[in-house]
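Written below as structure tokens is the structure these notes are about.
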Amino acid sequence: MRRAAGIALWAAFLAPVALLLGWSFAWRWPWPAPLPERWQASAWTGLAATGGLGAAALRSLGIAGAVALVATSLGFVTSRSAVEARSGVALRWLLHLPFALSPVVLGVGLEYSFLRAGLAGHMVGVALAQGILAYAYAVILFCGLWNARTRAYLDGAATLGATPRQAWIRVLLPIARPLVVLCLVQTFLISWFDYALVLLIGEGRVATLTTSLYQFLLAGDLRLAAASGLILLLPPVIALAVRAQRRPPTFAGEWDL
Amino acid sequence: MAAARLIRRPPRRARGVAIAAAILACATLGACTRTRPVNAPSPPLPASWAGIVAAARGQTVTIAMWRGDPAVNAYLQRVIAPALQRSRDIRLRFVPAQGEQIVSALMTEIEAHRRPSGYDIVWINGETFYQLREIHALFGPFTARLPNARFIDWRNPYISRDFQQPIAGYECPWGNAQLLMITDSRRVPRPPTDPASLAAWIHRHPGRFTFDTSFTGLSFLKSLMYAFAANPAQLQGPFDEARYLRLRDAVFAWIRSVRPDLWRHGATFPRSTAQLDQLFADGEVDFTMSFTDGEVDHRVATGAFPPTAEGFSLRSGMIQNSHYLGIVARSAHVAAAMVVINELISPWAQWRKLDPAVWGDGTVLDVGRLPPRWRARFAAAARRTHAPSRAALQAFARPEPSASLMIALSRDFRRDVLEH
Amino acid sequence: MTGPVSPQGLRVTGLAVRLGGRTILRDVEFTVGHRSTLAVIGASGSGKTSLLRVLAGLGDAAAGCIEVDRRRVDRLPAHRRGIVYLNQEPLLFPHLDVRANLAFGLRLRSRDAARVAAMVDPLIEALGLQGLERRDPLTLSGGERQRVAFGRALAVEPAVLLLDEPFASLDPATRLAMQALFRQVARSRGITAIFVTHDLKECLRVGDQFAAIRDGGCRLYEDRPAFCADPANGVAAEVAFWSAAADASGPD
Amino acid sequence: MVVWALVGGPMLLGVSFMAAYSLGLAGLLAHGLSFTAWAAVLRDRVTWISLGFSLWVGAASLGASIVGALLVLALRPAAAMAGEAVGVTPWFLPIAVPPMVAGLTAVLWLGNAGELARWAYALGWIRRPAEFPSPLYSRDGLGIIVTQTALVLPFLVVLFGRLARLHRVGELVEAARTLGASPVGAWRRVGTPLVLRAAAPTLGVYFLALSGAFEIPLLVGASYPTMLSIRVVQLFGQFDLSTRPQAYAVALLYTLVVAACSAIVLRARPRAARSEGA
């Protein structure tokens, strides 16, 4: 019974992936055939040729990697001041605003400033725009780190003779490691999943996997769309597989003033 | 129309009232300066064509274009781009953007004083051309300087006029197409060919017809306007509000009469032609439409459409128009853009484009003016088998009404039909 | 076993302690003799923890002077005072095993492995931690954890050791054993310590000198009889309870 | 302060620009201060319908997810609270799905000619795609709600499970049982309120985020009514250029609504944790 429920659960979550796989290998899959009429790998072999999907994947990877690294390290370093801020509630509100706000609206607001700064239409600009979201997320996440217990650890290390630097390196970082890994994964995914900011800040000139997927959908090519969708699923699934994700992403729940 | 107001200066008085808000806006953004149309290319254009070709070497040209058709993408990426790189040492970069997005993007660029522009060539027509002219975003006139422009069929009103506007050298014709209805001859052996019989068919087959809300769907509505017009001349010349309103109401009344029997009871419409194509391919509806009259063959060849798919025209008239290439006024690669456009209207490029297996887009060249070798090639070009020939379709061709009509129809359709 | 050049112990003069913008202790004055333990009794919330944190350099003193072995330390950051603060909860570093926790302070001073071993091994023995060296702190019992925390503090040879109700969360038997262990180690290693507790018996067991924190001040007693004689410390009440408990009627 | 500047700076710039543009103080259409765009937007019933539709979709998606997640938690409390074998539990998989892929998958599964419809055909339940009761593209937003729920529900199972462990809900429910509560009663009176209270701020932010969704409504939503985020893009991309200031006005309006809502949502802090030792 338990086992059956578990299998059903797995099936429910994996079925969509199977469907994407099916479409990516289909030649034609007309109604009402439950399976494709004929199989072929041309969506996959053609990926390299059309639309430069490989380049788009690399670009997504590069942007997301940069966003994750910068947002996480910056968030880690600055989160303590956020916890200790006098205007804690207002700051909490500000940090959550980018998430509560639709990314489209955020992008519409940012587009002009980015254009003026010469950042629109470049990978750097896209990464910076996503970085605002990712950084806010990192600060929120790391605020959960600065609880009484962490401080007690740091105090303990200090009275044992650790300089602030030593305390960070030898105590804080090891303690925070799961959180840092989680933050890296989550900020990576924030960028990896993003479509609206790439669309608006990238002005269509920065082709990432999400915008490529949408282009395939616009061009009515479900096979290529399914294939790029599968590529899009790859890194997060790998991240799950290596169990980097010990905790689900929470927003306000992490805040611990 | 809105765009006509674009260039007017603001009243001074209002500025004074706005001081508080202006401090916020201007101090942080410096956004209040209005643009002055700048049309001199930088770097300056060489005087001779040879000089232009030389200046174009080694440059990368960015083309903003609709990327919604895999055939078009493949043609540009696999046929044109390698050839250009080989012969002219020019690289192409494609940016997906449709007409209204192009206008929006160039407008934002001008507002943000970006120079040079992020775009060089824009693929446009009709209201987009009109609006880009209004905001002085296009470079020109330039077509007279292109050597291959001498082959263009300038006498053809479907080519020399874009939505009733003279193109005046500010955009170069690239291709010509006619709106085509597509159905599956196995499912619909004798398709209806005018609004009345179409409506009757829709009532007999509820849920099997719809049209999309993008450019193609609006062109279908414009074709219907021709069907309801006493004579085609009513939709030509400058925008006439009274005539427009009468024809608009006739079309909207037609839609209302068939709406309950449209796909999903007319509660929603496909967002794009691709979505409509998918519905057709899946057998959810029995009709789709294309603004590339050679597209059916291509779609059948790639397996997207069933082999029994057939194109046909409403006998009451279908819109024929041309699509054009413009050069962005703030582009830093005007010379290279001109070379690219010249290549795109070369007999070779136009001939390849004609092939339904490649794209199936009509040529803008006057075949009679071409050298004999090319004349023969055009004459022997692959014929399509899933749609009537171009000559057969020509009888039902109707020119695009004015750009203002398109803008008004788009707005009114959204307001009076979609949002109800 | 060890000792600074001119031992004098810990001297506190005119100390005021603030917490959350409020002065909770003022005019605190006492001297803890070299190698002796000052046992401080105080109710919860009396300011015991805040006092210890200020001494350790984890909180700022509003006024006053702190000297360790004649050296003024109140301007120094925590890690340079030579004062180790032992939390009520034995906060062992969760990413290090028992041995690495014990060696933590020594490693900070980048001692070589042999010297670290030479200092840690006797501690393991003295605290009865043999066999636990490789264990994850989370798997230890409360008493074991407290012993590791104690050992980790002793390993750096602190000039002053501050203990903040270290045994409060232990069961009575373990607690008794730990008190004895503390006495023994403190004597044999000659530790200067302040031991804060709210338990009267613990206070009397571990202390050489005695003080009470009460009503925003800290009162130091001359000797053990003086501490016991102050009715506010509750020794007399305790005696009365036990004599009544021995009576047939019982207390109350 | 760094955090304020890095997050607040861009937000302020964005808001100022939207305000300036919508008031006719910036951009090519600027003619000096004018409230015409705002008047048009505020008078337009579509603005309010879009706002209402956004909030409805957000509330319905979140509501369905909460109910579903609480049910899962109540039915499989042990598994949900164990939380250890996190990488292998399938509940985490939807977290790895980008909204764009979720929308595509919804089309392929739930469309009138989707996989489920094909199965229904094979079983002889339907004869034509139109007969399949697909939730997609419907005016009540059901397709969006179903797709978003499929993404959010598993996440809430994980979140609730973690919060339940943190706040010892399992033990408290058991305590309620020993005090005489029925299994359902214990969950209703103890488990559910505890978990919901702990999750409230996260749920509030989630509600707003779901209301502002873009990709999924773009792929499976009806052409009308639309979410406000799509309405903004629509106003930008209309053939009529004069709607641009209106687009900024709608965007700003939405920003203000969200800012106000999130201020309310976040005022309720999660129960502050361990106190600083005195």
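The values are calculated or read from the model by the stated rules, or taken from the named source; none is laboratory data. Only a predicted model underlies this, so the values are computations on that prediction, with no experimental measurement involved. Cβ sites come from the backbone with ideal geometry, for glycine too, and all protein chains shown count toward neighbours. For the accessible areas, the whole protein counts, side chains as well, though only heavy atoms, and no ligand, DNA or RNA atoms are used. Shrake-Rupley method; radii C 1.70, N 1.55, O 1.52, S 1.80 Å.
Quick notes on this structure:
- Elements of type helices (runs of 4 or more DSSP H) contained in the range B:310-408, each with 2 or more residues being closer than 20 Å to B:ILE90 by Cβ: B:334-344, B:347-354
- When B:ALA149, B:ALA144, B:ALA177, B:ALA227 are checked against the criterion of being without any contact (Cβ under 8 Å) to a residue 40 or more places away in the chain and hydrophobic (A, V, I, L, M, F, W, C), a single residue qualifies: B:ALA144.
- Picking from residues in the range B:207-238 that are farther than 18 Å from B:ALA177 by Cα and among the hydroxyl-bearing types (Ser, Thr, Tyr), the one that is farthest from the chain's Cα centre (by Cα) is B:THR210.
- Filtered residues of the range C:45-88 (kept if under 29 Å from C:ALA113 (Cα atoms) and within 13 Å of the chain's Cα centre (by Cα)): C:ALA56, C:ILE83, C:VAL84, C:TYR85, C:LEU86, C:ASN87
- Those residues of the range D:99-132 which are surrounded by fewer than 18 Cβ atoms within 10 Å (Cβ to Cβ) and among the charged types (D, E, K, R), in sequence order: D:ARG127, D:ARG128, D:GLU131
- Among the numbered conditions (1) outside any helix (DSSP H, G or I); (2) in contact with a His (Cβ under 9 Å, 6 or more places away or on another chain), the only one that A:LEU35 does not meet is (2).
- Some residue of the range C:124-140 being within 17 Å of C:ALA177 (Cβ to Cβ), open to solvent by 10 Å² or more (accessible area, probe 1.4 Å) and without any contact (Cβ under 8 Å) to a residue 12 or more places away in the chain: yes
- Pairs where the first residue, in the range A:4-31, is at the interface with chain D (Cβ under 8 Å from one of its Cβ atoms) and the second is at pLDDT below 75 and surrounded by fewer than 19 Cβ atoms within 10 Å (Cβ to Cβ), C-beta under 6 Å, 6+ apart: A:LEU9/D:PRO90; A:TRP10/D:PRO90; A:PHE13/D:PRO90
- Of the criteria (1) under 17 Å from B:VAL340 (Cβ atoms); (2) in contact (Cβ under 8 Å) with a residue 60 or more places away in the chain, which one B:ARG115 fails: (1)
- Restricted to the range A:141-167, and to residues there that are touching a Ser or Thr at 6+ places or on another chain (Cβ under 8 Å) and among the aromatic types (Phe, Trp, Tyr), the residue that is surrounded by the most Cβ atoms within 10 Å (Cβ to Cβ) is A:PHE142.
- Subset of the range D:122-176 [more than 13 Å from chain A (Cβ to nearest Cβ), part of a helix (DSSP H, G or I) and touching a Gly at 6+ places or on another chain (Cβ under 6 Å)]: D:ILE144, D:VAL169, D:VAL173
- Within the option set B:ALA267, B:ALA274, B:ALA304, B:ALA281, being within 8 Å of another protein chain (Cβ to nearest Cβ) and within 21 Å of the chain's Cα centre (by Cα) holds for one residue only, B:ALA274.
- With respect to the conditions (1) among the polar types (S, T, N, Q); (2) open to solvent by 10 Å² or more (accessible area, probe 1.4 Å); (3) out of contact with any Leu (no Cβ under 9 Å at 6 or more places or on another chain), B:SER316 lacks only one, and its number is (3).
- Positions within the range B:279-315 being closer than 20 Å to A:GLU37 by Cα, among the small types (Gly, Ala, Ser) and out of contact with any strand residue (DSSP E or B) (no Cβ under 7 Å at 6 or more places or on another chain), in sequence order: B:ALA281, B:GLY283, B:ALA301, B:ALA304
- Checking A:PHE216, A:PHE188 one by one, the residue that is open to solvent by 10 Å² or more (accessible area, probe 1.4 Å), of a type in the set (Phe, Trp, Tyr), within 20 Å of A:ALA71 (Cβ to Cβ) and touching a helix residue (DSSP H, G or I) at 6+ places or on another chain (Cβ under 7 Å) is A:PHE188 and no other.
- Some residue of the range B:399-410 being more than 14 Å from chain D (Cβ to nearest Cβ) and in contact with a helix residue (DSSP H, G or I) (Cβ under 9 Å, 6 or more places away or on another chain): yes
- Residue match in the range B:239-257 (condition: under 20 Å from the mean Cα position of the chain (by Cα) and surrounded by fewer than 22 Cβ atoms within 10 Å (Cβ to Cβ)): yes
- Residue in the range B:379-392 that is within 14 Å of another protein chain (Cβ to nearest Cβ), touching a strand residue (DSSP E or B) at 6+ places or on another chain (Cβ under 8 Å) and open to solvent by 10 Å² or more (accessible area, probe 1.4 Å) present: no
- If only residues of the range A:115-140 that are modelled with pLDDT under 90 and part of a helix (DSSP H, G or I) are counted, the one that is surrounded by the most Cβ atoms within 10 Å (Cβ to Cβ) is A:ILE140.
- Every pair of residues 6+ apart whose Cβ atoms lie under 7 Å, when the first sits in the range A:135-162 and is facing chain C (nearest Cβ under 9 Å) while the second is assigned to a loop (DSSP other than H, G, I, E, B) and charged (D, E, K, R): A:ARG149/D:ARG274; A:GLY161/C:ARG109
- Among (1) more than 9 Å from chain D (Cβ to nearest Cβ); (2) among the hydrophobic types (A, V, I, L, M, F, W, C); (3) in contact (Cβ under 8 Å) with a residue 60 or more places away in the chain; (4) in a helix (DSSP H, G or I), the one test that A:TRP192 misses: (1)
- Condition met for B:ALA199 (surrounded by fewer than 17 Cβ atoms within 10 Å (Cβ to Cβ), without any contact (Cβ under 8 Å) to a residue 60 or more places away in the chain and among the hydrophobic types (A, V, I, L, M, F, W, C)): no
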